[in-house]
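Report on the structure given below.
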Amino acid sequence: QREFEALKARLAAEGLFAAERKRAIPAMPQCVGFITSPTGAAVQDFLRILTRRGWRGRVVVLPAKVQGEGAAAEMVAMLALAQELGIFDLLVIGRGGGSLEDLWAFNEEVLVRAVVASAVPVISAVGHEIDFTLCDFAADARAETPSAAAELISSEFVASAERADRAREEMQSAL
């Protein structure tokens, strides 16, 4: 915890967590990259919510280890690949909950700096509501969980679909 607080203070002093450097999350992203473990429950929950809400975009899972030795380096590599591909409107980086040790890769300085340097807006969706990582502070937005990230991504689509339905009903009524 001391190491976390010391690194947080140092990176904050550099301005990496400053609100004025954060970018807006696209209202209706068409292509989302999700940097996570392809076998974890987080990706299944994320996709299930997008499907349930009728979201019509594309999700590309960028596979990486999300805990343990080498996890931060793999996630940094996937952030770099996402920049290279140039197809994403938005990136999500995350995993389900765990202990401080399980989530530590999301506190590693190399990953925090890569999130800040991303040319594409990033949502950090790590853990549960009570979990905070340095990636959460560095990202353009934080979602409490991967499921909350899916709801955030699809919210404008759902609202637009509801407006379209109301407009259709009003036009039919007017006819």
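Within the option set Thr133, Thr145, being farther than 21 Å from Leu50 by Cβ and either β-branched (Val, Ile, Thr) or modelled with pLDDT of 95 or more (or both) holds for one residue only, Thr133. Considering Gly127, Gly98, Gly86, the condition of being surrounded by fewer than 24 Cβ atoms within 10 Å (Cβ to Cβ) and within 25 Å of Glu5 (Cα to Cα) is satisfied by Gly98 alone.
Kindly indicate the residue of the stretch 9-50 that is touching a strand residue (DSSP E or B) at 6+ places or on another chain (Cβ under 7 Å) and of a type in the set (Gly, Ala, Ser) and also nearest to Val126 (Cα to Cα) among those meeting that condition. Result: Ala42. Of all residues in the stretch 73-124, exactly one satisfies the criterion of being in contact with a Lys or Arg (Cβ under 7 Å, 6 or more places away or on another chain) and charged (D, E, K, R), namely Glu74. Of all the criteria given as (1) at pLDDT 95 or above; (2) open to solvent by 30 Å² or more (accessible area, probe 1.4 Å); (3) β-branched (Val, Ile, Thr), the one not satisfied by Thr39 is (1). You will find that of Arg10, Arg56, the residue that is more than 28 Å from Ser155 (Cα to Cα) and at pLDDT below 95 is Arg10 and no other.
The values are calculated or read from the model by the stated rules, or taken from the named source; none is laboratory data. Given the structure is predicted, the values throughout are model-derived calculations rather than measurements. Note that each Cβ is placed from the backbone with ideal geometry, even for glycine, and that neighbours are counted across all protein chains shown. In case anyone asks, the SASA skips ligands and DNA or RNA and just uses the protein heavy atoms, side chains included. Shrake-Rupley method; radii C 1.70, N 1.55, O 1.52, S 1.80 Å.
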